[in-house]
1. For the chain, what Kirkwood radius comes out of the mean inverse Cα-Cα distance, in Å?
2. From the backbone phi of the range 24-29, what are the Karplus-calculated ³J(HN,Hα) couplings (6.51 cos²θ - 1.76 cosθ + 1.60, θ = phi - 60°) in whole Hz, Gly and Pro given as x?
3. Just Ala46, Ala72, Ala35 to compare: in a GNM of the chain, with alpha carbon springs under 10 Å, which one fluctuates most?
4. Give me the accessible area of Trp68, 1.4 Å probe, in Å² rounded to the nearest 10.
5. Would you mind getting the accessible area per residue of the chain, heavy atoms of the protein chains only, 1.4 Å probe, in Å²?
6. For the chain, set up a Gaussian network in which alpha carbons nearer than 10 Å are linked by springs, and say which option among Asp52, Asp13, Asp36 fluctuates the most.
7. Can you put His25, His7 in order of accessible area, largest first, using a 1.4 Å probe?
8. To the nearest 500 deg cm²/dmol, what mean residue ellipticity at 222 nm is calculated for the chain from DSSP H runs of n ≥ 4 alone, each contributing -39,500 (n - 2.57), summed and divided by the residues?
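The values are calculated or read from the model by the stated rules, or taken from the named source; none is laboratory data. The structure displayed is predicted, hence computed values, not measured ones. Protein only, heavy atoms only, side chains kept; ligands, DNA and RNA dropped before computing areas. Shrake-Rupley method; radii C 1.70, N 1.55, O 1.52, S 1.80 Å.
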Amino acid sequence: MTASPDHVDSREDLAAFVCTLHQSHIEEGHSWENADLASFLEALAAWIDDADGWYSNAGRNLPAGGDWSFFARVLRAATAYE
C-alpha cells in the first residue's frame, strides 16, 4: 500500500485513500491482520479508542478538531450505499 494517511487533507483525498485500501485488500487482503469485516471493525473501534496512545507513541498530538459525526455517517452509509 503506497498511500499515506498523512496526505489526506480533503474529502476527495479520503475517498482516494479508501479506494487504495480497497485495492490493497483485493490484492493482498490475505496478508492483512484484520482481513474480514468483523475483525476489521473490531480493530477499527479499538484503534479509535486508543488513538491518543498511538499519537503519543509517535510523538504527535491527537488532532483536537475533526468531525467525528461525519466519520460515523460515512461508516453507517457504507452499510447500504450502492
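1. Details: mean 1/r = 0.0693 Å⁻¹.
Answer for the chain: a Kirkwood hydrodynamic radius of 14.4 Å.
2. Along the range 24-29, the couplings run 4, 5, 4, 7, 9, x Hz.
3. Ala72
4. 150
5. Numbers: 6890 Å² over 82 residues.
Ligands and nucleic acids excluded, the figure is 84 Å² per residue.
6. Taking springs between Cα atoms under 10 Å, the residue moving most is Asp13.
7. Descending order: His7, His25.
8. Numbers: 4 runs with 48 residues, N = 82.
Helix-only estimate at 222 nm: -18000 deg cm²/dmol.
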